[in-house]
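See structure below.
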Amino acid sequence: MATVTFYEKPGCINNTRQKKLLAAAGHQVVALNLLTEPWQEDRLRAFFGELSVRNWFNYSAPPLKYGEIDPDKLSEQQALALMLHNPLLIRRPLMQVGDSLMAGFDQQAVDKWIGLKETGVQQGIESCPSLSASTSCGHD
């Protein structure tokens with residue numbers, strides 16, 4: 001199976017669930033802290049591939065939750081500058097297998113990319129569970 005470099009926010013419930021899914025499928029997961037990684041614009045941009053700028057963002061990050069940032073009004077350069085300044089804005093996880101990169105954890109896309117086992121886990125493993133709860137983890 002694959003060795004997956006997995007850029008996460010430590011303590012994120014969904015990132016923990018996603019890593020478990022990868023490990024259950026036989027993949028080796030090398031977890032790194034997305035928030036302390038020394039990102040460069042071109043390296044970060046590569047993870048987003050063909051995604052539209054709006055899909056580069058973590059919508060549970062406070063500036064997006066509270067409408068302080070509208071991704072639909074940003075150029076690629078503006079979006080990347082904001083993310084380099086505040087990595088909480090970056091859609092999680094960022095994953096790398098060899099030279100292949102992916103942002104976010106769409107189970108079907110990950111299954112096509114490197115393979116996942118049937119787990120019975122429904123879609124929604126990318127959305128922050130605290131968004132629907134009355135409390136937040138405080139570390140979006």
(request) With a 1.4 Å probe and all protein chains in place, put Y66, Y7 in order of accessible area, largest first. (result) Y66, Y7
(request) Return the long-range amide H neighbours of N86 (sequence gap of 5 or more, or a different chain), with a cut-off of under 5 Å between placed amide H atoms. (result) none
(message) As a test of reading the structure, rank W56, W39, W113 by solvent-accessible area (1.4 Å probe, protein chains only), most first.
(response) W113, W39, W56
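How far, in nm, would the chain grow between K112 and V97 when pulled straight, counting 0.36 nm per residue and subtracting the alpha carbon separation? Walk me through the numbers on the way to the answer.
Working: separation 15, 0.36 × 15 = 5.40 nm, distance 1.31 nm.
Length gained between K112 and V97: 4.1 nm.
What does the convex hull of the Cα atoms come to per residue for the range 1-75, in Å³?
Convex hull volume per residue, Cα atoms: 118 Å³.
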(message) Give the lysines whose C-alpha is closer than 24 Å to that of K65, dropping any in the same chain fewer than 8 places away, or say none.
(response) K9, K73
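Just the number please: accessible area per residue for the range 1-73, 1.4 Å probe, all protein chains included, in Å².
On the way: 3840 Å² over 73 residues.
Accessible surface, normalised per residue, equals 53 Å².
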(request) Could you calculate the contour length gain from N86 to L51, that is, 0.36 nm times the residue separation minus the distance between their Cα atoms, to one decimal place in nm? (result) 10.6 nm
(request) Using the charge dipole of the range 1-81 (Lys, Arg: +1 at Cβ; Asp, Glu: -1 at Cβ; taken about the Cα centre), state which of Q18, N33, Y66 has its Cα farthest towards the positive end. (result) Q18
(message) Taking each pair of distinct Cα atoms in the range 27-118 once, what is the resulting Kirkwood hydrodynamic radius in Å?
(response) 14.0 Å
(request) Hey, can you grab everything whose amide H is under 5 Å from the amide H of N58? Only 5+ residues off in sequence or another chain; H modelled, so Pro and N-termini drop out. (result) I90, R91
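The values are calculated or read from the model by the stated rules, or taken from the named source; none is laboratory data. This structure is a prediction, so every number in the text was calculated from the model and none was measured. A quick note on method: Cβ atoms are made from the backbone with ideal geometry, for glycine too, and the neighbour counts reach across all protein chains shown. Side chains are part of the model used for accessible areas, which takes the heavy atoms of the whole protein and leaves out ligands, DNA and RNA. Shrake-Rupley method; radii C 1.70, N 1.55, O 1.52, S 1.80 Å.
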